[in-house]
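This report concerns only the one structure given below.
The values are calculated or read from the model by the stated rules, or taken from the named source; none is laboratory data. All of these numbers come straight from a predicted model, not from anything done at the bench. Glycine gets a Cβ as well: all are built from the backbone with ideal geometry, and neighbour counts include every protein chain shown.
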Amino acid sequence: MKKLFTKLIAFVLLIGILGSAGLIVGYQQLQKPVSDTSETYVFTVSSGSTVKSVASQLKGEGLVRSSFVVEVVARLQSLQDIKAGNFIIDSSWDVKEILTVINDATKTISNEVSITFIEGSWAKDFALKLSNMTSVSEEELLTLWNNEDYVRSLIESYEFLTEEIFHPAAKVLLEGYLFPETYNFFVDTTPEAVTKRLLDQTNRIYQRNKQLFDQSDRSIHEIFTLASIVQFEASKVEDMKLVASVFYNRLAINMPLQSSVTICYALYEYDDWRACESNPNIESLYNTYKYQGLTPGPILNPGEQALIATLQPATSDYLFFMADVYGDGTVYYARTYAEHQANVDKYLRGR
């Protein structure tokens, strides 16, 4: 009986130790960042906020895993002197890093933030970043950018916006015309003010290259559309010019563009670029395997280099190209389908 009692006590102690270890592991896990990817947000601490209310706010905005753990860390690390104001918080920070920032009055920001939009971003990427850093919401922006009456009201002010953008299949009317750049925005702003800021920069780029636009046989909308495809397909300036030449050569002989990047936009939501490659039969006017000519509109927001490459393409007789995605990304060009297949076999299928 004594042995049984001893074993029972040992078992209870073991359960207690394991439970404690589990709690420790759980506590450590809940302190970790919510994301491995760096994404910045403006986090506002109102005057009179308590540790408890801020912890709940952080959890509600998806910046921490547990509000309770935030309170515990604040106490244990003596980080309870939270300041009021706007702070830049990164989703890749752990709980202690976040608390350290909002305990430091010198880390408060003025009512202005800097946001960088990279070349090749979609309108919805712009909207998401802006909603993270300013008072406007993603839904407000996308709704405005797709509001025909509002967009029509912009045509008088922006020469590069034309009737062609009002294609019934367009996902976002202003897709392609939001110029990728680093901007300063007021934290407290409006969707209209943000849109004007973006379009004003697009207008500067358009006016700087207006002579090239005027000399082109293609419409402004066609240039922005083709430039968006070129932007997606190539990263180097010399490749942009050659890729543009391939597409112009195909358009000249009524050959489909057959660009898988347009399928990415047709899908709109996908986990991996291979999904674009494996859906050549998707029913969409953005599917350039199925439909000849250009897509209804841009498939992303191109940078100035892609626009210039489309306005001043290289001269070539290439009809095909492929990138060595498993190697160094070199783009290989071909005049015939047989040459193209040889490149595919050598650089893709052989991997």
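Some values worked out for this structure:
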read-out	value
Tally, over segment 332-351, of residues that are at pLDDT 90 or above and either out of contact with any Ser or Thr (no Cβ under 9 Å at 6 or more places or on another chain) or not aromatic (Phe, Trp, Tyr) (or both)	10
Residue within segment 124-134 that is of a type in the set (Lys, Arg) and outside the structural domain of Thr182 (by TED's automatic domain parsing) present	no
Cross-chain or 6+ apart pairs with Cβ under 6 Å, segment 267-279 first and at pLDDT 85 or above, then surrounded by 11 or more Cβ atoms within 10 Å (Cβ to Cβ) and assigned to a helix (DSSP H, G or I)	Cys276/Ser260; Cys276/Ile263; Cys276/Cys264; Asn279/Ile263
Exclusive hit being touching a strand residue (DSSP E or B) at 6+ places or on another chain (Cβ under 9 Å) and assigned to a loop (DSSP other than H, G, I, E, B), set Gly293, Gly329, Gly297	Gly329
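Listed here are the residues, each with its yes/no results for (1) modelled with pLDDT of 60 or more; (2) more than 17 Å from Thr100 (Cβ to Cβ); (3) assigned by TED's automatic domain parsing to the domain that holds Phe87; (4) of a type in the set (D, E, K, R).
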| site | (1), (2), (3), (4) |
| --- | --- |
| Leu8 | no, yes, no, no |
| Gly19 | no, yes, no, no |
| Gly26 | yes, yes, no, no |
| Gln29 | yes, yes, no, no |
| Thr44 | yes, yes, yes, no |
